[in-house]
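Here the structure comes first, spelled out in structure tokens, and everything after it is commentary.
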């Protein structure tokens, strides 16, 4: 059974006075992190490039040009308050390709900016050498992006819940979780401390909870038992 995994992060709406240059610089700093990883995890091609023949040139000026084209608009009407969208993929071979979906610069209250990376179907994430790469990547991304919430999601698990958050609280516990101080306050900090005491495999550092060394495998009974136990312990 193929189990697709995604890195998902949500960021609150930007302040109304935040400039395009600030937004572009922060997003560029985030995406340039991927140049330190293997090609299968890099944003190598623009999705909007029809022939997809050329690798994207990762210079700041080139990035800014593309980001500006991604402004939300309808006809000649531009909706700058809704921000910008862009998407990339890593490989022309679909099964080996990661997909990046990004919205940035939204300044509308109660709307989030988002970063989503769908890992390749062939990425062997259940092997610890590869799961360690994703742990490192997730830590680096959250440190730069500073989300309100984030996770590494197993699609087969997540789709049982319909949504990721409800009333400011996560709907479930994922393999990797980023919880901002706001989310932790909604959940109760004492709950997280107790889980760390009760489950030796669980770690919590820099707002990131790691449930175990490798992702939850839906075909592994022990994994799914731990998932449900953590969910009950943390979310009730």
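The numbers here are math on the coordinates, done by the rules we state, and not lab data. This one's a predicted model, so the numbers in the text were calculated from it and none came from an experiment. Please note: Cβ atoms are built from the backbone with ideal geometry, for glycine as well, and neighbour counts cover all protein chains shown.
Using the number of other C-beta atoms within 10 angstrom as an exposure proxy, rank 108, 195 with the fewest first.
Values: 108 13, 195 18.
Ranked by crowding around the Cβ, least crowded first: 108, 195.
With each pseudo-label sitting 7 Å past Cα toward Cβ, what's the residue 17-residue 194 distance in nm, one decimal?
For the pair residue 17/residue 194, the computed spacing is 4.4 nm.
Treating the Cα atoms of the stretch 10-122 as identical point scatterers in vacuum, please give the log10 of the normalised Debye intensity I(q)/I(0) at q = 0.21, 0.23 Å⁻¹, two decimals.
At q = 0.21, 0.23 Å⁻¹ the computed log10 ratios are -1.20, -1.35.
May I ask for the equivalent-ellipsoid semi-axes of the stretch 64-115, computed as the square root of five times each C-alpha gyration tensor eigenvalue and listed largest first in whole Å? Each step should come with its number before you reach the end.
Values: eigenvalues 124, 37, 14 Å².
Sorted largest first and rounded, they come to 25, 14, 8 Å.
Can you compute the modelled spin-label distance between residue 81 and residue 132, with each label point 7 Å from Cα toward Cβ, in nm?
That separation, rounded to one decimal, is 4.9 nm.
Let a ≥ b ≥ c be the square roots of the eigenvalues of the Cα gyration tensor of the chain; is it rounded (a/c under 1.5), or, if not, prolate (a/b larger than b/c) or oblate?
Numbers: a/c = 2.10, a/b = 1.40, b/c = 1.50.
Oblate, since a/c reaches 1.5 and b/c is not below a/b.
Provide the gained length on full extension for the span residue 159 to residue 57, in nm with one decimal, where the gain is 0.36 nm per separating residue minus the Cα-Cα distance. Before the final figure, lay out each step's value.
Working: separation 102, 0.36 × 102 = 36.72 nm, distance 3.54 nm.
Stretched out fully, the residue 159 to residue 57 stretch lengthens by 33.2 nm.
Sort out for me the Cα centre separation of the stretch 31-46 from the stretch 89-114, rounded to whole Å.
Here the two parts' Cα centres lie 13 Å apart.
Using alpha carbon coordinates only, what is the Rg to Rh ratio of the stretch 122-178, with Rh defined as the Kirkwood radius? Mind dumping the intermediate values first?
Details: Rg = 12.4 Å, Rh = 12.5 Å.
Value, to two decimals: 0.99.
Between residue 122 and residue 171, what is the FRET efficiency for a Förster distance of 41 Å, r being their Cβ-Cβ separation, to the nearest 0.05? Don't jump to the answer; show the numbers that get you there.
On the way: r = 28 Å, r/R0 = 0.69.
Efficiency at R0 = 41 Å is approximately 0.90.
How are the alpha carbon pair distances in the stretch 1-49 distributed across 5 Å bins from zero to the largest one, expressed in percent?
P(r) for the stretch 1-49, in whole percents per bin: 4, 13, 16, 23, 19, 13, 6, 3, 1, 0.
If a/c stays under 1.5 just call it rounded; otherwise compare a/b with b/c (prolate if a/b is bigger, oblate if not). Do that for the stretch 148-236, with a ≥ b ≥ c from the square roots of the Cα gyration tensor eigenvalues.
Values: a/c = 1.62, a/b = 1.17, b/c = 1.39.
It comes out oblate by the Cα gyration axes.
Determine, from the Cβ-Cβ distance of residue 92 and residue 185 and an R0 of 35 Å, the FRET efficiency 1/(1 + (r/R0)^6), rounded to the nearest 0.05. Can you show the working numbers first?
Working: r = 45 Å, r/R0 = 1.29.
It comes to 0.20.
Would you mind ranking 149, 10, 58 by Cβ crowding within 10 Å, fewest neighbours first? It would help to have the intermediate numbers written out before the result.
Details: 149 23, 10 20, 58 15.
Placing the least packed residue first, the sequence is 58, 10, 149.
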